[in-house]
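The values are calculated or read from the model by the stated rules, or taken from the named source; none is laboratory data. Not measured: the values here are computed from a predicted model. Note that each Cβ is placed from the backbone with ideal geometry, even for glycine, and that neighbours are counted across all protein chains shown.
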Amino acid sequence: MAKIVECVPNFSEGRRSEVIDKIVAAIQSVEGIVLLDKEMNADHNRAVISFIGEPHQVVEAAFQGCKKAAELIDLNNHQGEHPRLGATDVIPFIPISNMTTEECVYLAKELGKRIADELGIPVYLYEAAATRLERTDLANIRKGEFEGLKTAIKTDPNRAPDFGKPALHPTAGAVVVGARFPLIAYNINLNTTDINIAKKIAKAIRFRDGGFRYAKALGFEIKERNCVQVSINMTNYLSTPLYRVFETVKREAERYGVMIKESEIVGLVPEGALIDSAVYYLQLDEFKPEQILESKLTGGKGKGIEEFLFELSQPTPTPGGGSCAALAGAIGSALLSMVINLTLAKPESEEIIKELTPMKNKLSATQKRFYELISLDAEAFNKVMKAYKLPKANDEDKAKRSEAIQNALKDACAVPEQVFDLAIETINMIRPIAEKGNKNAISDVGVAISNLKTALDGAKLNILINLKSIKDEKYVSEKKLKVGKTVSIINKTITELNKIIEGKL
């Protein structure tokens, strides 16, 4: 599986969208980068960008974003509620898939050195990458901000950067780079304009003043909303949950005769953090994440098409053509369901309702099974790769390895064979939909056929390539015969269906 790391750089610009657009374009210019989110805040005068990719891609994208920010943002002309040191203020790396925090620390150091060497911007390392205990906390590094650090970096050895000369870049300031657990930027707005109340509450909940271990907080004035805000960085939601911080802010606010107006999350948030809060407030003591409907509908994987395409593009064997064949089948089935639903919305006769309704239910189950086969295909091939890695030090090891490989190859054949059979079954259902379905959606039936044909052909190719390495001659012969005869028959059906469609276009 590919190594995936997330990067969430914060830029000191939240009012000029054209500037952030250019920075985002620089980030996306790196091949393989997937943009997840872009948030801008005018009061804070700050933007938060989230993207993922493989380690070397993410480092390059972060560098390009930092370089572009240094060209476009002048800290001497910057004002905002949020503390900052640089045009690119902070760049954290976050392990997502097959990555460790230690590997992210290495990335932080690699990027930090490059920024200092090539851009002339001093770099501080923080969180897991910190070289000094006090620099684990970002607030300690930001002390005095851009204006205060201009002198301190030159005169105080304790404020010297980890990379670069002890002098701020004249316009871009300094950059803080590190590695951390997924952070939640969580803001709570109060129905008062008294900034002192927000600051007192922030002090009560932040760790350095005796509050929650994984909460950092500041009090801000939000003029555009005519209120004040307790701005919180939740650095480990598993150990300090959102609901606990919310309840504490609520109780503290009540001490001053103030109520919570609203709260907000800036950028992305782990699903688990929201589930924990729902469980707490609804008192769902026996609740399990598996009870979430959407988790069931996605086979518990929760993987979106963008993430799937990203993984597909990487130089790894899975997911591959077999998974794509299953995805094509799922798309074909979903399109046919759409046509049936459009038809049943305004049925021309009772006969059509009786004929198409059972097909609708059948296609729903078919689509779900195709979707499950996307991940099952990858899992089956991973077992083949695992079998090939078994020891072969002696004859006994070699025999066990050979048997494991043969069994794994047959399993790897079984998944595309299911895709193949399901595609055949679905294609054989299409004629009534093509003949009696909504006329305005006839092109969608054609696209469904194309996708199912892709599923069929893709599954066939994956069956054949696995058969090449299987030694059981009878097994191989039977599978090849089945595939050859079935494809010949179904191709005639597809030709007939396409003629029906072309006749209605």
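Taken over the stretch 144-180, residues that are under 28 Å from VAL269 (Cβ atoms) and surrounded by fewer than 19 Cβ atoms within 10 Å (Cβ to Cβ) amount to 1. The set of residues from the stretch 182-204 being surrounded by fewer than 20 Cβ atoms within 10 Å (Cβ to Cβ) and part of a loop (DSSP other than H, G, I, E, B) comprises ASN191, THR192, THR193, ASP194.
Only a single item in (1) in a helix (DSSP H, G or I); (2) closer than 27 Å to GLY144 by Cα is not met by GLU103, and it is number (2).
Looking for something more than 25 Å from ILE305 (Cα to Cα), out of contact with any Asp or Glu (no Cβ under 9 Å at 6 or more places or on another chain), surrounded by fewer than 18 Cβ atoms within 10 Å (Cβ to Cβ) and not hydroxyl-bearing (Ser, Thr, Tyr) - is there at least one such residue anywhere in the stretch 17-40? For the stretch 17-40, residues more than 25 Å from ILE305 (Cα to Cα), out of contact with any Asp or Glu (no Cβ under 9 Å at 6 or more places or on another chain), surrounded by fewer than 18 Cβ atoms within 10 Å (Cβ to Cβ) and not hydroxyl-bearing (Ser, Thr, Tyr): present. Restricting attention to the stretch 348-375 and to residues that are under 18 Å from ASP444 (Cα atoms) and without any contact (Cβ under 8 Å) to a residue 60 or more places away in the chain, the residue that is surrounded by the fewest Cβ atoms within 10 Å (Cβ to Cβ) turns out to be SER364. The condition of being at pLDDT 90 or above and not basic (Lys, Arg) holds for only one of PRO241, PRO270, that being PRO241. For the residues GLU110, GLU103, GLU60, GLU71, the requirement of being outside the structural domain of LEU309 (by TED's automatic domain parsing), among the acidic types (Asp, Glu) and without any contact (Cβ under 8 Å) to a residue 24 or more places away in the chain singles out GLU71. Considering only residues in the stretch 99-125 that are of a type in the set (Ser, Thr, Tyr) and touching a Pro at 6+ places or on another chain (Cβ under 8 Å), the one that is surrounded by the fewest Cβ atoms within 10 Å (Cβ to Cβ) turns out to be THR101.
ASN41 meets all of the listed conditions (1) polar (S, T, N, Q); (2) modelled with pLDDT of 95 or more; (3) more than 19 Å from the chain's Cα centre (by Cα) but one, namely (2). Please work out if LYS482 is over 37 Å from the mean Cα position of the chain (by Cα) and either at pLDDT 95 or above or in a helix (DSSP H, G or I) (or both). So LYS482 passes the test. Using the structure shown, decide if GLY178 is over 17 Å from PRO92 (Cα atoms), modelled with pLDDT of 95 or more and out of contact with any Cys (no Cβ under 6 Å at 6 or more places or on another chain). Considered against the rule, which asks whether it is over 17 Å from PRO92 (Cα atoms), modelled with pLDDT of 95 or more and out of contact with any Cys (no Cβ under 6 Å at 6 or more places or on another chain), GLY178 comes out as no.
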